[in-house]
Protein chains: 2
Amino acid sequence: MTLSIAHLGPPGTYAEQATIFYVNWLKKSTEIEAILSPYPSISQSLHAVADGQAQLAVVPVENSIEGSVTTTLDTLWQLDSLRIQLALVLPIAHMLISCASNLDKIKTVYSHPQALAQCQGWLERFLPTAQIIPSNSTTEALQRLGQDTTTAAIASSRAAQLYKLPILASCINDYPENFTRFWVVSHGEANAAYQTSKASASHTSLAFSMPANTPGALVKPLQIFAQLGINLSRIESRPTKRSLGEYLFFMDLEADAKEAQMQSALAELTTHTEILKILGAYNVLSISGVT
Amino acid sequence: MTLSIAHLGPPGTYAEQATIFYVNWLKKSTEIEAILSPYPSISQSLHAVADGQAQLAVVPVENSIEGSVTTTLDTLWQLDSLRIQLALVLPIAHMLISCASNLDKIKTVYSHPQALAQCQGWLERFLPTAQIIPSNSTTEALQRLGQDTTTAAIASSRAAQLYKLPILASCINDYPENFTRFWVVSHGEANAAYQTSKASASHTSLAFSMPANTPGALVKPLQIFAQLGINLSRIESRPTKRSLGEYLFFMDLEADAKEAQMQSALAELTTHTEILKILGAYNVLSISGVT
């Protein structure tokens, strides 16, 4: 059987880059064949898995400079049936891609808002008068370029190659340490075939809403893990969308949900939360070099 | 003296609407005259205050559906000298603005990513095949419309009036309870003239980085306030931009930083944090009706 893996398209996005890495890893370690299915949005990639059009999705969850990809968190909260199988960490290097002969010619720069924000300092310094226009993906920005010598786009070097467009400036991200973390998500429960280790997971992700907004309400859930010496590697709040000032919390913990200690912590957690969802227990794979 | 108040422009944005409300309030309650200064980005509005080009800025900090406006948080962390003087809560009602005679004609919809996200469900239901294109502000989207009957933009009813464009569908936000919270920010310390009450503030906002990522590190800061019965009304994490997995925390507390109890809590907090910044103590003003 050939798997279908949904990701943000069109071809040339960082999400596609992470997906290609995962497809190669999957083939090498489990001999499972997979094909890439690009979708126009992150939300649609996740819905494709929930609806059974694809078996897996590779979605960005967090960038080290710009923070959470909130669409991913909000869609995972909505779609009950999805589980995280693996995390992938991709190093990000943004290129200024343009047919212009030099920077002086550039009047307009297109890219995804996350990429624009990650290069904000560089743009203010080297292209202070250029108009900055957001696009739905880094690749969509490239497609707007054509042969026009007054426009530029920000995307990966792989995307420049793919669209046969020249790189005018390399590694223009404001912080050289720039990484995006992706989640490999499937329908239903943990599936050893999609994971790096059958034995144990290094991380568990969960999300919960709270019964009431009282002083100290968030302390209790945090204390449960602190008392067991389980490190909270990330906490993110998102609006419940019911009213201003009501939040959901997303937590990443450095422990396996299957361990006895975590099982009792999670049981205790249910008494302090309104709705609790275990998003998955998984390991992290670092992507080195460009695929 | 006439004050200059920076906000995200061009005219017709929700930020401008909040600013107009504040200018009217300021005139009525303190007889201070103020003029509006639109800037092309939220970050530039805040920098204008830090650089002395404007005395105040009105910037969005959070929407009840889409969550934090991360540019505002990140810029306030960078710019040491700014202080929150007041919070404003604006009800949001998005309109589909277009010269098209009906929805079937519309091929493209422009708006700010926050507005597009807040109408995502409506767009998927009523305009499933339309191309969705992000813009830098809701007003910029309107400026792209012109008389073209195949395009539409999402903005406020006030913006439609301002640009003399017809509203094709009203209140298209997915959740009718949609509010954006803004902060009125000045240079330097608290200034009673900009505030609703000289006596006391209902909220204090602060931000801090942590000395180390160990189990329970975040529990201590939360415990300090919980033990004193001080409610935490919001917590938000943002990347430090140093490396993946290192965070800053932004907290809103329901207490006045000037109170003795809060003073001792803040003193204790410094022993558990690396850098601690008090962003301001302030009251909240609800904007009812459209200005």
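Structural remarks
- Ordering A:GLN261, A:VAL219, A:TYR282 by Cα displacement along the dipole of the stretch A:203-282 toward the positive end leaves A:VAL219 in first place; charges were set at the Cβ atoms of Lys, Arg (+1) and Asp, Glu (-1).
- Taking the stretch A:95-169 and dividing mean pair separation by its residue count, relative contact order in percent (alpha carbons under 8 Å, at least six apart): 51 percent
- In this Cβ point-charge picture (+1 for Lys and Arg, -1 for Asp and Glu), chain B has a dipole of about 360 debye about its Cα centre.
- Cα-centre dipole for the protein assembly as shown with unit charges at Cβ (Lys and Arg positive, Asp and Glu negative), debye to 20: 680 debye
- Heavy-atom accessible surface of B:TRP122, to the nearest 10 Å², is about 40 Å², with a 1.4 Å probe and all protein chains retained.
- Along the stretch A:46-60 the Karplus relation, 6.51 cos²θ - 1.76 cosθ + 1.60 evaluated at θ = phi - 60°, assigns HN-Hα couplings of 6, 4, 4, 6, 4, 8, x, 6, 9, 8, 9, 10, 10, 10, x Hz to successive residues, with x for each Gly and Pro.
- For A:ALA169, the residues whose amide H sits under 5 Å from its own are A:LEU96, ignoring neighbours fewer than 5 places away on the same chain, with H placed 1.01 Å from N.
- Amide H within-cut-off set for B:ILE132, under 5 Å, with H built and near neighbours excluded: B:VAL109
- DSSP bridge analysis restricted to the protein assembly as shown gives an antiparallel fraction near 70%, rounded to the nearest 5.
- Here B:GLN161 yields copy-to-copy label distances, from shortest upward, of 5.6 nm, the label point defined as 7 Å from Cα along Cα to C-beta.
- Of the residues A:TYR247, A:SER4, B:ILE167, the one whose Cα sits farthest toward the positive end of the charge dipole of the protein assembly as shown, with +1 on the Cβ of Lys and Arg and -1 on the Cβ of Asp and Glu, is B:ILE167.
- Alpha carbon centroid spacing (whole Å) that separates the stretch B:67-138 from the stretch A:44-115: 19 Å
- Relative contact order, whole percent, for the stretch B:203-282 stands at 50, derived from Cα pairs under 8 Å and 6 or more residues apart.
- Take each residue of peptide B:244-254, count the partner chain Cβ atoms within 10 Å of its Cβ, and average: the result is 3.
- Between B:LYS27 and A:GLU246, the FRET efficiency from the beta-carbon distance, with R0 = 45 Å, is close to 0.85.
- In chain A, the longest principal axis of the Cα atoms and the axis of helix A:260-270 are about 90 degrees apart.
- Under the Karplus curve 6.51 cos²θ - 1.76 cosθ + 1.60, θ = phi - 60°, whole-Hz ³J(HN,Hα) for the stretch A:132-145, x wherever Gly or Pro sits: 9, 10, x, 9, 6, 7, 5, 6, 4, 4, 4, 5, 7, 5
- Accessible surface of A:ILE167 - all protein chains present, 1.4 Å probe, nearest 10 Å²: 70 Å²
- Prolate/oblate/rounded call for the stretch B:94-174, Cα gyration tensor, a/c under 1.5 rounded: rounded
- C-alpha center-to-center spacing [the stretch A:154-195, the stretch A:9-39] in angstrom: 11 Å
- Ordered from largest to smallest accessible area (heavy atoms of protein chains, 1.4 Å probe), the residues B:SER29, A:SER288, B:SER205 come out as A:SER288, B:SER29, B:SER205.
- B:ASP80 contributes about 100 Å² of solvent-accessible surface, heavy atoms of the protein only, 1.4 Å probe.
- The Cα atoms of the stretch B:225-275 give a gyration tensor whose axes a ≥ b ≥ c have a/c of 1.5 or more with a/b greater than b/c, which makes the shape prolate.
- A helix-only calculation puts chain A at -8000 deg cm²/dmol for mean residue ellipticity at 222 nm, using -39500 (n - 2.57) for each DSSP H run of at least four residues, averaged over all residues.
- For the stretch A:114-123, backbone phi angles converted through the Karplus equation (6.51, -1.76, 1.60; θ = phi - 60°) give residue-by-residue couplings of 4, 5, 4, 5, 6, 10, 3, x, 4, 5 Hz, Gly and Pro being listed as x.
- Estimated distance in nm for a label pair at B:ASP80 and A:GLN131, the labels positioned 7 Å out from Cα along Cα-to-Cβ: 3.9 nm
- Amide H to amide H distances under 5 Å link A:VAL61 with A:ARG181, A:PHE182, A:TRP183, where only residues 5 or more positions off or on other chains count and H is placed in the peptide plane.
- Gyration tensor (alpha-carbon) shape descriptor, the protein assembly as shown, a/c threshold 1.5: oblate
- Check: the stretch A:60-171 dipole with +1 on Lys, Arg Cβ and -1 on Asp, Glu Cβ, in debye: 380 debye
- Chain B: angle of helix B:14-30 to the longest principal axis, Cα-based, in degrees nearest 10: 60 degrees
The values are calculated or read from the model by the stated rules, or taken from the named source; none is laboratory data. Predicted model only: the values in this text are computed from it and were never measured. Positions of Cβ are generated from backbone atoms using ideal geometry, with glycine treated the same way; all protein chains shown enter the neighbour counts. Remember, those area values only see protein heavy atoms, side chains included, never the ligands or the DNA or RNA. Shrake-Rupley method; radii C 1.70, N 1.55, O 1.52, S 1.80 Å.
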